[in-house]
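The values are calculated or read from the model by the stated rules, or taken from the named source; none is laboratory data. Computed from a prediction, not measured in an experiment: that's the story for all the values here. Methodologically, a virtual Cβ is constructed for each residue, glycine included, from the backbone with ideal geometry; neighbour enumeration extends over all protein chains shown.
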Amino acid sequence: MKLTLKQKAFADYYIQTGNATESAIKAGYSKKTAGVIGDENLKKPYIKKYIEERLEQISSDRIADAKEVMEYLTAVMRGQTLSEIVVVEGCGDGCSEARRIDKAPDEKERIKAAELIGKRYSMWTDKVEANVQQQVVFCDEQELED
């Protein structure tokens, strides 16, 4: 079922405010019935679904996923990124001025990125994880003390 313009506006305002009554008023519903309408709208499955989808989309837009983090670390490791730094230079007569320049990652930053990528893929672990599912059987169970 498709949302009406008011229902969509309600859902969008609800995502911002978290208040059903306030969202209903902002969406254009009557102040007298806003509380009831807001409560009813939150119970409608298609409005609920729209709100959940929008929240998931907002969350994914704001939070980096594993792929994005790995792509960034790889770009740093390969020296493909630039960071802005401030450099102070003397300009004579005891004066100096600051300017901003773009700088590629230095060796230390590239090694750190490589280390983080290596940790992700367990390249340097001495431990071996074993997931063993076996039944434990005690011989001579009667001889064991409680």
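Going by the conditions given, is TYR29 of a type in the set (Ser, Thr, Tyr), without any contact (Cβ under 8 Å) to a residue 40 or more places away in the chain and surrounded by 11 or more Cβ atoms within 10 Å (Cβ to Cβ)?
yes
Which condition breaks for LEU73 when tested against (1) over 30 Å from ALA104 (Cβ atoms); (2) in contact with a helix residue (DSSP H, G or I) (Cβ under 6 Å, 6 or more places away or on another chain)?
(1)
Could you tell me whether ASP93 is exposed (fewer than 10 other Cβ atoms within 10 Å of the Cβ) and either in contact with a strand residue (DSSP E or B) (Cβ under 6 Å, 6 or more places away or on another chain) or under 23 Å from ALA75 (Cβ atoms) (or both)?
Answer is no for this residue.
If you go through the range 125-135 one residue at a time, do you hit one that is more than 30 Å from ALA11 (Cβ to Cβ), of a type outside the set (Phe, Trp, Tyr) and surrounded by 11 or more Cβ atoms within 10 Å (Cβ to Cβ)?
No, the range 125-135 has no match at all.
Residue by residue through the range 1-18, note down the ones that are farther than 19 Å from GLN57 by Cβ and either at pLDDT 95 or above or surrounded by 14 or more Cβ atoms within 10 Å (Cβ to Cβ) (or both).
Across the range 1-18, the qualifying residue is only LYS6.
Return yes or no: is GLU56 in the same structural domain as TYR14 (by TED's automatic domain parsing), of a type outside the set (A, V, I, L, M, F, W, C) and without any contact (Cβ under 8 Å) to a residue 12 or more places away in the chain?
yes
Whether any residue in the range 53-68 is surrounded by 10 or more Cβ atoms within 10 Å (Cβ to Cβ), charged (D, E, K, R), within 30 Å of LYS2 (Cβ to Cβ) and modelled with pLDDT of 90 or more is what I want to check. Write out each step before concluding.
Our first condition is that a residue be surrounded by 10 or more Cβ atoms within 10 Å (Cβ to Cβ); within the range 53-68, this holds for 53-58, 60, 64, 68.
Then keep just the ones that are charged (D, E, K, R); that gives 53-54, 56, 68.
Of the ones still in play, those that are also within 30 Å of LYS2 (Cβ to Cβ) are 53-54, 56.
Remaining after also requiring modelled with pLDDT of 90 or more: 53-54.
Yes, the range 53-68 has at least one match.
How many residues does the range 87-111 hold that are of a type in the set (D, E, K, R) and touching a residue at least 24 places away in the same chain (Cβ under 8 Å)?
Of the residues in the range 87-111, the ones of a type in the set (D, E, K, R) are 89, 93, 97, 99-100, 102-103, 106-110.
Restricting the remaining residues to those that are touching a residue at least 24 places away in the same chain (Cβ under 8 Å) gives 109-110.
Within the range 87-111, residues that are of a type in the set (D, E, K, R) and touching a residue at least 24 places away in the same chain (Cβ under 8 Å) number 2.
Among the numbered conditions (1) at pLDDT 90 or above; (2) farther than 30 Å from GLU115 by Cα; (3) of a type outside the set (Phe, Trp, Tyr), tell me where LEU82 comes up short.
Among (1) at pLDDT 90 or above; (2) farther than 30 Å from GLU115 by Cα; (3) of a type outside the set (Phe, Trp, Tyr), LEU82 violates only (2).
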